[in-house]
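Note sheet for the following structure.
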Amino acid sequence: MRPKKHKTTGSNDLFRARLDQIINLKHELVLLAGKIDWDWIDGEIAPLYSENGRPGIETRFMIGLLLLKHIYGLSDEGVCERWVHDPYFQFFTGEEFFQHTFPHERSDLSHWRKRLGDKLELLLAESLRVAHEAGALRGQDLKRVTVDTTVQPKAITFPTDAKLLHAAIKGLNRLATRHGVRLRQSYSRVAKAAAMMAGRYAHAKQFRRHQRQLRILRSRLGRIIRDIRRKIEGQPAREEAFALPLGRATQIRSQQQRQRGWKLYSFHAPEVECIGKGKAAAPYEFGVKASIVTNNRRAPGGLFVLHARALPDNPYDGHTLRDVIDRTETLTGCPIERAYVDKGYRGHDAQNPRRVFISGQKRGVFGVIKRELRRRSAIEPIIGHLKAEGHLGRCYLKGRAGDAANVILSAVGYNLRRILAWLRDFWRILLTALIAASTVSPAIKSVS
């Protein structure tokens, strides 16, 4: 059932302190909470609920928690713990009185992320609207953009053959225990020792011994696969439960290190892709490609993320430009006059190719366009901030839906950090000006 709208009584309580009486009402989080249109967000996500059942958790509470998590780069558990002892967090999520215990479960954040799905882009649009209303972003800053792609790594270990085979053996053993399938032998100790020795032999460059340990792991994994298939034959429920894990284990057992084509890089996260961006420090990264769009010209509040999206299946950058520009225009409501990209977008399929300028291009580049093309590289530190201060540097959410949600929410958190910095500086400048005006000598006041 749709959550009830948040209501405040405006009255005092004998045993509890009102938050607006114990906090600084000029704090940036308080100002930001007043600028976000919570009612609009509540109306947009209303179709996700039915009219029957128990009322859901208040929209402002859960959306506020998601925003606070990505503003400060916290985990789900961390933002719930900090909410209990931070009155500004409680005020931001709509509380009227200070609460001493967290009123809901941590898992509600996961349920809300799944429920919102594609609606998460509404939060990115709202962050841009708030930036525009606060004066940190102007309409003219949205017409010329910079587009780039990066990799959002997944929370997996580096996928060596030994690690993958060992993970498949452990995964099948756990699943067999859960479903009551008694295996002839688990090979847990043998697999652990073989995986450990394979890593040591590879480090010592003793590759024949390394290959021997891999053969041990492959043969033991094959025995477990055959044993499970024999014992679940003719049992539809168990066959359905083991279908995907057995397929992944078979793929891991059969694939070779240097083979061409699709490969599996994680037993528990099959959506992970191997992406090479040409970096010296990290030749290959394991995760999903993400597209980032920022304003080219620096706005009063800095550079903002205008659009962010996960790009599964590792598409060529140039083949994504048309869709990225269309989505950015839909999100901002402003047509894009010029787009600046790097050389990875050569051969793009944009609607107006003459308005797309590639790094290193000479023809048609002069004057203002030349200066703006020189600013294309300003998107790189923005991506660095998204990874270092947000959650783009490592995704812990499950599946492709988790990858997509993490990219968008990381962009929302970055935009809100820029807005908080803008509000903080605005009030500091205003306070300095008021102090300076109050300390002017009477002689100067009389002259003015």
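Observations on the structure shown:
- Of everything in the range 29-45 that is more than 14 Å from W422 (Cα to Cα), among the charged types (D, E, K, R) and in a helix (DSSP H, G or I), the residue that is most open to solvent (accessible area, probe 1.4 Å) is D39.
- When A310 is tested against (1) open to solvent by 10 Å² or more (accessible area, probe 1.4 Å); (2) of a type outside the set (D, E); (3) at pLDDT below 95; (4) closer than 30 Å to Q140 by Cβ, only condition (3) is not met.
- Condition check for D108: open to solvent by 70 Å² or more (accessible area, probe 1.4 Å) and either closer than 14 Å to L67 by Cβ or not basic (K, R) (or both): no
- Set G139, G117, G135: member being within 17 Å of L29 (Cα to Cα), touching a residue at least 24 places away in the same chain (Cβ under 8 Å) and small (G, A, S): G135
- Applying a threshold of 6 Å to beta carbon distances and a minimum spacing of six or more residues, or different chains, the list of pairs starting in the range 121-132 at a residue that is touching a residue at least 24 places away in the same chain (Cβ under 8 Å) and ending at one that is assigned to a helix (DSSP H, G or I) and surrounded by fewer than 20 Cβ atoms within 10 Å (Cβ to Cβ) reads L122/E44; A125/L331; V130/K35.
- Residue within the range 89-96 that is surrounded by 14 or more Cβ atoms within 10 Å (Cβ to Cβ) and touching a strand residue (DSSP E or B) at 6+ places or on another chain (Cβ under 9 Å) present: yes
- Single residue of the range 185-236 satisfying the filter (outside any helix (DSSP H, G or I) and in contact (Cβ under 8 Å) with a residue 12 or more places away in the chain) that is surrounded by the fewest Cβ atoms within 10 Å (Cβ to Cβ): Q185
- Considering the range 347-448, the qualifying helices (runs of 4 or more DSSP H), each wholly inside and each with 3 or more residues that are open to solvent by 20 Å² or more (accessible area, probe 1.4 Å) and modelled with pLDDT under 90, run over 399-438, 442-447.
- From I216, I225, residue being of a type in the set (V, I, T) and within 38 Å of the chain's Cα centre (by Cα): I225
- Failed item in (1) surrounded by fewer than 11 Cβ atoms within 10 Å (Cβ to Cβ); (2) within 28 Å of the chain's Cα centre (by Cα); (3) among the hydrophobic types (A, V, I, L, M, F, W, C), with A282 passing the rest: (1)
- Filtered residue count, the range 237-281, keeping only those that are in a helix (DSSP H, G or I) and either touching a His at 6+ places or on another chain (Cβ under 8 Å) or of a type outside the set (S, T, Y) (or both): 16
The values are calculated or read from the model by the stated rules, or taken from the named source; none is laboratory data. As the structure is a prediction and not an experimental result, all values here were calculated from the model. Cβ atoms come from the backbone with ideal geometry, glycine included; neighbour counts cover every protein chain shown. These area figures cover heavy atoms from the full protein model, side chains too; ligands, DNA and RNA do not enter into them. Shrake-Rupley method; radii C 1.70, N 1.55, O 1.52, S 1.80 Å.
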